[in-house]
């Protein structure tokens, strides 16, 4: 087998195999069962005491939402404060970086609070060491934990019978940090420093190159940030070009580990759902459905990236290495394409190649992946999005067989379906409205200087930006000149709505499911782990994504592909 | 409302201390025992620091094995890729120009031998590697300019080809180390 293909097959199989025990572990953590990290308990209890949290207090869905929103508001205010004042901080800024422009700060604060990590700034020139750590590194932990906590409340809602308790938000939040995110991040970060990723507070280094040029090399506390950026499906890189930068991703081995870190928690949480509700088969069935889509996407992108840019083949050179613009020799095309699908599936958004320079079909697959936004999905929120599709699929299956739809022993009624439909419609609404406004402005002002590329690809750049914002992904077609108030504010709002409405809506569903009577399974019960239901579910996902987004994808990536 | 607000402020402070300060400090502390001491490993030749192991350098003269084109001209303080789309006419002109320039400087090479990584820019603009093919097509030029036997230069490249680890990934050549060795050959 080709060495590049072998690399990604090994990576995928290993990640999948490790996701199962991790999923089991996560479900034990959230069910409050014994785990080997129980030695953290005294520390956690100390934190509860200091914060005056009563960990035994139960919270209904509204209280969960309230606690989550208020905590996030504090995160936002803290981030704004630091970003707007970093130029005046007395320490932790050896390269004398100035304070951020207010709309960029607004965009950045929302971006990191919402686990998006869209970056309209470039880390090495626009963020001090203090900012990188106390804003970016910090928020990458707590934003991921916010998502996981919401997901566990949803799990609990499915399991509860005629009760309102969806778990204590603060406990779920803290446990996600201490029991899941922190241990994995520490392991990944240690691996990275041993492979050469810097973790230093020294400023940029001056070196004279062999050819005699004087070069200034930016560095900093990179390793801790890169680890949590991958583990928490954040994607906010230390440097502008993210994990293409050799300090963030030194070699093929670190690339494997980082890509593993992108996928492991999203995959594990799907299994965790099955274990949590005591029906592991449901977890496996959902995982199989997602994997089918994931593997198809990988096959398509690997094919097109390895085949290379046909326009360059026509020039008559040796194009056998594939589409190498924006890619690193140490990773090659297959590992770059695999990463592209991983990062857009999981709402991670870190990149190890420039998506803007990939072949049109790959770019289109990445967008479609973010438009679905539920193939494994972001830490916690990915499963929540998937659950919305499950509700709709259960409803449709119910209609098809002429029975009141039931999900795991709970009747699905008008209220749940209405909320699910609204949440499902929100995503296309944000993306298509945003792209329409931007396209209109661009058409009327062709010299506005937003686009790095003309024609169809230019349209793709705008579509990608809004898709990435609404999906809380954070990757970009980075040629887009997006550090302007228009993009900062509009994308900021997209990220905000795209984050919190898909948390509030499903939690409301969970609240109402928790209150319902349990109906024991009978002969006519729809079994959601059955292949028939999985087929309906996949059709629902594809129909919703395809119908809403196909026209836009035709104007961008598809048109570009046929013009090559 | 007020209780939640107070809890939120306290919880922010304490998680900030753990994840924004404690965790990065711990990793920085651990990095002190790594070969580069967490500051980035350097390449030293003749008792002089010649650059960072991981950070590619600009090599565009005929005397050295050239590195890949870079959208930021190997500026390691402000990195990035070209972000040019595959059908962008301006970009395609640029690639053509790079091919022509390469052929002028390497007259013994046929067009179909020029590997694509030598005429395209990397993601961060700091790629420390080139493909083995990209090194081999420069052997004739190096041997002519430096007046070293062709076989000797080729043997040097052979030594510097790193094969994929456990048969996974891509073979590659570290340009800076190859050029340092080339200087020592003279």
Classify segment A:476-564 as rounded, prolate or oblate, taking a ≥ b ≥ c as the square roots of the eigenvalues of its Cα gyration tensor: rounded when a/c is under 1.5, otherwise prolate if a/b is larger than b/c and oblate if not. oblate
Can you compute the helix-only [θ] at 222 nm over the protein assembly as shown? Use -39500 (n - 2.57) per DSSP H run of at least 4 residues, normalise by all residues, nearest 500 deg cm²/dmol. -18500 deg cm²/dmol
Segment A:66-209: Kirkwood hydrodynamic radius (Cα pairs, Å) comes out at 17.2 Å
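Rank these for me by crowding, A:292, A:263, going from fewest to most other beta carbons within 10 Å.
In increasing order of surrounding Cβ atoms, one gets A:292, A:263.
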Folded to 0 to 90 degrees: helix A:414-444 orientation relative to chain A principal axis, Cα: 20 degrees
For segment A:357-509, what does the alpha-carbon gyration tensor say about shape, rounded, prolate or oblate, given a ≥ b ≥ c as the root eigenvalues, a/c under 1.5 as rounded, and a/b over b/c as prolate? prolate
Most fluctuating residue given options B:167, B:146, B:50, as computed from a GNM of chain B linking Cα atoms under 10 Å: B:167
Angle between chain A longest axis and helix A:332-345 axis [Cα atoms, degrees, rounded to 10]: 40 degrees
Relative to chain A, whose Cα atoms define the longest principal axis, helix A:531-553 and its Cα axis are tilted in degrees, nearest 10, by 40 degrees
Rounded to two decimals, what is the ratio between the C-alpha radius of gyration of segment A:29-88 and 2.2 N^0.38 Å? 1.55
Put one equal scatterer on each alpha carbon of segment A:128-195, apply the Debye formula with no solvent term, and list log10 I(q)/I(0) at q = 0.19 1/Å to two decimals. -0.80
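Under the rule a/c < 1.5 gives rounded, and otherwise a/b versus b/c splits prolate from oblate, where does segment A:181-334 land using the Cα gyration tensor?
Details: a/c = 3.58, a/b = 1.26, b/c = 2.85.
It comes out oblate by the Cα gyration axes.
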Quick one: the Cα spread of the protein assembly as shown along its three principal axes, in angstroms, biggest first? 87, 54, 52
Where is the GNM fluctuation largest for chain B (alpha-carbon springs, 10 angstrom cutoff): B:69, B:86, B:128? B:86
Give the average, rounded to an integer, of partner chain Cβ atoms located within 10 angstrom of each Cβ in B:39-45. 4
Out of the DSSP beta bridges found with both residues in the protein assembly as shown, what percent are antiparallel (nearest 5)? 95 percent
Separation of segment A:63-129 and segment A:394-438 by C-alpha centroid, Å? 34 Å
Separation between the residue B:105 and residue B:61 pseudo-spin-labels, each 7 Å from Cα along Cα→Cβ, expressed in nm? 1.2 nm
Arrange B:53, A:416 by Cβ neighbour counts within 10 Å, fewest through most, would you? B:53, A:416
Can you tell which of B:66, B:47, B:75 shows the greatest fluctuation in a Gaussian network model of chain B with Cα springs below 10 Å? B:47
Grab the alpha carbons of segment B:1-153, take their convex hull, and tell me the volume per residue in Å³. 182 Å³
FRET E, pair residue A:523, residue A:34, Förster distance 30 Å, beta-carbon r, rounded to 0.05: 0.20
Taking A:369, A:95, B:46 and counting other beta carbon atoms within 10 angstrom, the fewest-first order is B:46, A:95, A:369
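Every read-out reported here was derived from the displayed coordinates using simple, explicitly stated rules and does not represent laboratory data. Bear in mind the structure is a predicted one, so any value in this text is a computation, not a measurement. With ideal geometry, Cβ positions are generated from the backbone for all residues, glycine too; neighbour counts draw on all protein chains shown.
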